[in-house]
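Below is one structure; the comments refer to it alone.
The values are calculated or read from the model by the stated rules, or taken from the named source; none is laboratory data. Bear in mind the structure is a predicted one, so any value in this text is a computation, not a measurement. Ideal geometry is used to build each Cβ from the backbone, glycine not excepted, and the neighbour counts take in all protein chains shown.
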Amino acid sequence: MVRAEPRLSSEEAAPPAVSLRAVSFAWPGQENPVLHIPELTIKAGERLFIFGPSGSGKSTLLGLLSGVLTASEGEVSVQGTALHKLGGAARDRFRGDHVGVIFQQFNLVPYLSILENVLIPCRFSARRAARAARQAGSAALAARNLLECLDLRAELWERRVAHLSVGQQQRVAAARALIGGPELLIADEPTSSLDADRRRDFLRLLLRECENSGSTLIFVSHDQGLAAEFSSAANFEELNRRAGR
Amino acid sequence: MRNLTAARAAEMIRFTYLFFLAGKSAWNRRGTLLLVVLSIALSTTLLLGLERVRTQVRESFVQAVSGVDLVVGARGGDMQLMLYAVFHLGGATNNMSWKSALSIAARPDVAWSVPISLGDSHNGYPVVGTSADFFTRYRFRGGRELQLAQGGSFSDLFDVVTGSEVAKKHGYVPGSRIILSHGNSGAQLARHEDKPFVVSGVLRPTGTPVDRSLYISLEAMEAIHLNWQGGAPIRGLEIRPDQVRKFNLEPKSITALLVGMKSRSRVFALQQDIRNWKEEALTGVMPGVAMDQIWRLVSTGEQALFLVSGLVIFTGLAGLASAILAGLGERRRELAILRSAGARPLDILILLACEGFLLLCAGMACGLLLLVLLLLALGPTLADSYGIALHVSPPGTGELLLLGGIAAAGFLTCLIPAWRAYRLSLADGLTAST
Ligand SMILES: Nc1ncnc2c1ncn2[C@@H]1O[C@H](COP(=O)(O)OP(=O)(O)OP(=O)(O)O)[C@@H](O)[C@H]1O
Ligand SMILES: [Mg+2]
């Protein structure tokens, strides 16, 4: 596993962004856990690329990190918070406050405007709303700034979500994940529905905005070719020592 | 303490947002949901309209006569007496004596009394012998008075005042000459051909049996029967109309006596005295109570109607639940997005419940609007022709209960898709596929 260069910032003293210990997870009805991770530490500010074959459990791991799923066994800590000790509502709150998520596709709520889509996390998390307001004056202004930074011009904002290209949709999703500067950004194959050029553009923008907000990025894909853009990369098959392997 | 209020404020903001989302989502799928809203609207209109018509019909039935404290007649069925006195139905086989009527009228606690004498008819409409007081004393539906549309009360012996329906059907106006029939058969043989009547007045529509009756004076009733005995004219005895005035036209008996008391609290005392009447077997009936009994007899169809409209509501609500359930499949993605942004499974439940409830409220509001429009459009016609007063007015307790019932049942129904979404969002995690 490639480690990032130590960063010369106060983040060094901070707890690791992610720390897993002896974690297993099985979906309801599954006999053998799909996931067994003895140990995983991701430092704050790291930009980690995780690759692995389809069906190996990458999305499941992201579900655990975001607190949507709970480990059957083991300890899951994010930003120093022990998620396995929190109740459901507290985990949801933690995710709203500290985690941004980008999916592979269909990232947007069809009946909301682009601006409203970007603002969703600020509606569920007062902390994200407050941080966005501190950065830009108001959450709406923060959303506009982010959209502009992600090359989405103002005339697109009034469009129906369905009328955006896939690449544009993914950039809106990135703005939503980034608003209010969450400490951890989780991206689950956000580029796999984009063509090669678009993929590189999107990745550059995403990495730049992560840099700006100082968020830790965990980026999952089965396309190893993207690994070079990241500060570190990990093979999911090596992380996941599930039984029978 | 401050934390608690802050938390509560945050919950309120969150709830408002979920409500906003629910509205946006419903509006986005308005094409599909329109039919659901429409069916809820129609069932609301049906149920409330039915309730309104029912209460109005009941009211105009039960209050067909008001202001009368006691109806006195020969002892027999109480309801039969009401049919005589209020609906003018039935041949009066069972009369009370005029003497008893006079002594009741003379009691100090009796304010007024109006006699009713049945027996004759005109083209199937009952002819009622009474006094001119009838037109001033009779009250219907909450104290409304009879009013003459044309002409006036009796001034001559052979004057007749007709109800609005009778006049309309036969085109009677003051001055029209009409022939009465003996009994209620209307048979040609038993017509009072020799003593034609002249219409002196036509009453305004009341929506009560008065519309379907004709009124003559007790003396006229007596006069046309001078040469009759046992239901047929006495052979060879002919008395011309100009001769009848020489006879004593005081009646020997009447069918019923409508009595108004000076003080209502005396009704029971009078009722008691009438029950113990020495000269003949009499009875006194309080109209409100008796009319209620009759209504219960004739209104058994009511429950069936309510059952049917209840079922209509049920289908409407089932349609609502299934429309939302059907939409859930394609919305799993959207729910996963909200979850990823910090929504709790409970928020998903609230969102879906809000959406259902919004549709329900929209349906109910449309239903109420439709009802108001219907009342405005049909109210005047119904009031004129059936005497059913259907006004646009704030809902009564019965209607409020119905509305509350629909809302409560609807809310419970909305919880079904909401619960399903809750379960889905728990099971899907972040990986919900479309
Ligand atoms: N909601 C779910 N319920 C039950 N089983 C699931 C669920 N989601 C995923 N799985 C199972 O868990 C395993 C891992 O799935 P996961 O989605 O994590 O893989 P992945 O590595 O993300 O694959 P891909 O690259 O195709 O996205 C698979 O066998 C899958 O069938
Ligand atoms: Mg996946």
(message) Can you tell me which condition A:ILE42 does not meet? The list is (1) within 14 Å of chain B (Cβ to nearest Cβ); (2) among the β-branched types (Val, Ile, Thr); (3) more than 14 Å from ligand 1 (Cβ to nearest atom), and all the others hold.
(response) (1)
(message) If I filter region A:192-223 down to residues being within 16 Å of ligand 2 (Cβ to nearest atom) and at pLDDT 85 or above, which single residue comes out as farthest from A:GLU46 (Cα to Cα)?
(response) A:SER221
(message) Test of understanding: among A:ARG3, A:ARG91, A:ARG7, which residue is at pLDDT 85 or above, more than 16 Å from ligand 2 (Cβ to nearest atom) and among the basic types (Lys, Arg)?
(response) A:ARG91
(request) Look through region B:266-298, keep the residues that are over 20 Å from B:VAL65 (Cβ atoms) and of a type in the set (S, T, N, Q), and return whichever of them is surrounded by the fewest Cβ atoms within 10 Å (Cβ to Cβ). (result) B:ASN276
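Residues that are under 30 Å from A:ASP223 (Cβ atoms): find the helices (runs of 4 or more DSSP H) completely inside region A:83-144 holding 3 or more of those. Full working, then the answer.
On the way: elements: A:88-98, A:114-124, A:126-136.
Where helices (runs of 4 or more DSSP H) fall fully within region A:83-144 and carry at least 3 residues being under 30 Å from A:ASP223 (Cβ atoms), they are A:88-98, A:114-124.
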(request) Specify the residue that is nearest to A:SER77 (Cα to Cα); the eligible residues are those in region A:172-228 that are outside any helix (DSSP H, G or I) and charged (D, E, K, R). (result) A:GLU183
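What is the residue count in region B:112-133 for residues that are part of a strand (DSSP E or B) and either under 21 Å from B:ARG191 (Cβ atoms) or acidic (Asp, Glu) (or both)? Break it down into steps so the answer makes sense when it comes.
Taking region B:112-133 first, the residues part of a strand (DSSP E or B) are B:112-122, B:125-130.
Adding the requirement that they be either under 21 Å from B:ARG191 (Cβ atoms) or acidic (Asp, Glu) (or both) leaves B:117-122, B:125-129.
Total satisfying the criteria: 11.
I'd like the residue in region B:97-133 that is among the acidic types (Asp, Glu) and closer than 23 Å to B:PHE158 by Cα and, out of all such residues, is surrounded by the most Cβ atoms within 10 Å (Cβ to Cβ).
First pass over region B:97-133, keeping only residues among the acidic types (Asp, Glu): B:109, B:120, B:133.
Retained after the next criterion (residues that are closer than 23 Å to B:PHE158 by Cα): B:120, B:133.
Values: B:ASP120: 24, B:ASP133: 15.
The qualifying residue surrounded by the most Cβ atoms within 10 Å (Cβ to Cβ) is B:ASP120.
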(message) I need a count of the residues in region A:166-175 that are over 14 Å from A:PRO110 (Cα atoms) and under 14 Å from the mean Cα position of the chain (by Cα).
(response) 3
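Each row is one residue, and each column tells you yes or no for (1) within 14 Å of chain B (Cβ to nearest Cβ); (2) free of Cβ contacts under 8 Å to residues at least 24 places away in the same chain; (3) within 16 Å of ligand 1 (Cβ to nearest atom).
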site	(1), (2), (3)
A:GLU155	no, yes, no
A:VAL161	yes, no, no
A:LEU164	no, no, no
A:ALA174	yes, no, no
A:GLY181	no, no, no
A:SER193	yes, no, yes
A:LEU203	no, no, no
A:THR216	no, no, no
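Are any residues in region A:22-39 within 14 Å of another protein chain (Cβ to nearest Cβ) and touching a Phe, Trp or Tyr at 6+ places or on another chain (Cβ under 8 Å), and if so, which ones? Full working, then the answer.
Start the filter on region A:22-39 by keeping residues that are within 14 Å of another protein chain (Cβ to nearest Cβ), which leaves A:25-30, A:34-35.
Correct list: A:VAL34, A:LEU35.
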(request) Determine the pairs where a residue that is within 22 Å of A:LEU194 (Cβ to Cβ), located within region A:90-115, has a partner that is surrounded by fewer than 19 Cβ atoms within 10 Å (Cβ to Cβ) and among the hydroxyl-bearing types (Ser, Thr, Tyr) with Cβ atoms under 8 Å apart, the partner being 6 or more residues away or on another chain. (result) A:GLN104/A:SER192; A:GLN104/A:SER193; A:GLN105/A:SER192; A:GLN105/A:SER193; A:PHE106/B:THR434
(message) So in region A:71-111, with the set limited to residues that are more than 10 Å from chain B (Cβ to nearest Cβ) and within 16 Å of ligand 1 (Cβ to nearest atom), which one is nearest to B:GLU334 (Cα to Cα)?
(response) A:ALA71
(request) Go through (1) away from ligand 2 (no atom under 15 Å from the Cβ); (2) more than 18 Å from A:ALA233 (Cβ to Cβ); (3) surrounded by 23 or more Cβ atoms within 10 Å (Cβ to Cβ) one by one and return the number of the condition A:SER66 breaks. (result) (1)
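Of all residues in region B:134-146, count the ones that are surrounded by 16 or more Cβ atoms within 10 Å (Cβ to Cβ) and in a helix (DSSP H, G or I).
Final tally of qualifying residues: 3.
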(message) Would you confirm, using the coordinates I've provided, whether B:LEU415 is modelled with pLDDT under 80, more than 16 Å from ligand 2 (Cβ to nearest atom) and in a helix (DSSP H, G or I)?
(response) no
(message) Looking only at region A:51-70, how many residues end up being more than 19 Å from B:ALA341 (Cα to Cα) and within 11 Å of another protein chain (Cβ to nearest Cβ)?
(response) 2
